[in-house]
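Enquirer: Input: one structure, supplied below.
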């Protein structure tokens, strides 16, 4: 198995720079097209959640291997838990779509809550198997 040692960035309000770093890492891993777009959208949503609801501080870690790319987004508040993810698309609201959207866009979406932090893990297969 090959892969990389990953990269790690603190979260700040420069979302453009974060997306550019993630785009570079993901394309070097072999991701492209719609799946790359989905990953960028999901990570962007997770980072915005940290800025708006997760204490405003956190980190993004990204790494890949032969089969997938994984991104961990960690906040400094620890309020987010797995039960916060709506099972269906939220209706009658203009906000609150982020967690649901991440769950729909990524092959794996998990939330781990620990004392003083929450971690969202987003994983996407580099070469997904298409089921007909």
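Enquirer: Name the residues in the stretch 75-109 that are in contact with a strand residue (DSSP E or B) (Cβ under 9 Å, 6 or more places away or on another chain) and under 19 Å from residue 26 (Cβ atoms), would you?
Expert: Passing the criteria: 102, 105, 106, 107, 108, 109.
Enquirer: Scan the stretch 36-58 for residues that are touching a strand residue (DSSP E or B) at 6+ places or on another chain (Cβ under 6 Å) and more than 16 Å from residue 10 (Cβ to Cβ) and jot them down.
Expert: 39, 42
Enquirer: Having 1 or more residues that are within 12 Å of the chain's Cα centre (by Cα), crowded, with 17+ Cβ neighbours inside 10 Å and free of Cβ contacts under 8 Å to residues at least 24 places away in the same chain is the bar; report the strands (runs of 3 or more DSSP E) wholly within the stretch 1-76 that clear it.
Expert: Answer list for the stretch 1-76: none.
Enquirer: Restricting attention to the stretch 77-106, and to residues there that are modelled with pLDDT of 85 or more, over 20 Å from residue 11 (Cβ atoms) and more than 11 Å from the chain's Cα centre (by Cα), which single residue is surrounded by the fewest Cβ atoms within 10 Å (Cβ to Cβ)?
Expert: Taking the candidates together, the pick is 104.
The values are calculated or read from the model by the stated rules, or taken from the named source; none is laboratory data. Bear in mind the structure is a predicted one, so any value in this text is a computation, not a measurement. Positions of Cβ are generated from backbone atoms using ideal geometry, with glycine treated the same way; all protein chains shown enter the neighbour counts.
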